[in-house]
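Here's the structure we're looking at; comments come further down.
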Amino acid sequence: MTMDAAERRQFVHNNHTCVVGYTRKKGPPSMSIVYYTMDGDDILFTTMRARQKTKAVEREGELSIAVLDGQWPPTYLVVYGDAQIETDMDLVTDVGMKVGAIMAGEPLSEEVRPLVRDGMEKEGRVVIRVKPTSTFYTPPVHLHKADDALDKEKMKDFKHGLGANLPWHD
């Protein structure tokens, strides 16, 4: 199954966990798992100002994000995008509230907003905004149970293909 541009964007909107990949000043690339929320097509997450993700955005202005669907076996979509740091504490708090709701599985009470803001300020958090430019998609191929490997009919379609770098919008 191949996803078109609208389905790829919907996949990103429907899921809220990703692996953020970024270049380090020295050494191999690094990765970090974060929860994210959306602002239109932009992907937003918080991190501490002092963390390497922030420094990489300052240096490079771009990130790679592997959006995970949270299922097993996993389906994922890599998103490439331009990235910027935002320091407005109202936005940082809003993203913190939204991410808290994702983590809790339900909206947070507005009563906790001052506590969230205080925590964000104490940790020196910022928002990283990623503006997607393209995606990399490889249709998933999974064994769903061990006996599938013995089923010649199922195995004839068990073929990995090459992925494709695709624009965010067609």
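The values are calculated or read from the model by the stated rules, or taken from the named source; none is laboratory data. Quick caveat: nothing in here was measured; it's all calculated off a predicted structure. In this analysis, Cβ positions are derived from the backbone assuming ideal geometry, glycine residues included, and neighbour counts consider all displayed protein chains.
Quick grid of which residues meet (1) surrounded by fewer than 17 Cβ atoms within 10 Å (Cβ to Cβ); (2) touching a strand residue (DSSP E or B) at 6+ places or on another chain (Cβ under 7 Å); (3) closer than 30 Å to Ala146 by Cα:
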position	(1), (2), (3)
Ser32	yes, yes, no
Phe45	no, yes, no
Lys55	yes, no, no
Asp82	yes, yes, no
Glu86	yes, yes, no
Residue selected from segment 107-142 under the condition of a type in the set (A, V, I, L, M, F, W, C) and out of contact with any strand residue (DSSP E or B) (no Cβ under 9 Å at 6 or more places or on another chain), by the criterion farthest from Gln52 (Cα to Cα): Val141
Let me spell it out: the conditions are (1) over 21 Å from the mean Cα position of the chain (by Cα); (2) modelled with pLDDT of 70 or more; (3) loosely packed, with under 11 Cβ neighbours inside 10 Å, and Ala104 meets all of them except one. Which number is the exception? (1)
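Does Glu62 satisfy being over 27 Å from Ala6 (Cβ atoms), among the acidic types (Asp, Glu) and at pLDDT 95 or above?
The answer is no for Glu62.
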Given Thr37, Thr23, Thr2, which one is modelled with pLDDT under 95, hydroxyl-bearing (Ser, Thr, Tyr) and surrounded by 14 or more Cβ atoms within 10 Å (Cβ to Cβ)? Thr23
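Any residue in segment 4-13 that is in contact with a helix residue (DSSP H, G or I) (Cβ under 9 Å, 6 or more places away or on another chain) and not basic (Lys, Arg)?
no
State the number of residues belonging to segment 24-46 that are within 27 Å of Thr93 (Cα to Cα) and assigned to a loop (DSSP other than H, G, I, E, B).
3
For a quick check of your reading: which helices (runs of 4 or more DSSP H) sit entirely within segment 47-139 and have at least 1 residues that are of a type in the set (A, V, I, L, M) and in contact with a helix residue (DSSP H, G or I) (Cβ under 8 Å, 6 or more places away or on another chain)? Give the derivation first.
Numbers: elements: 52-60, 89-104, 113-123.
Qualifying helices (runs of 4 or more DSSP H): 89-104, 113-123.
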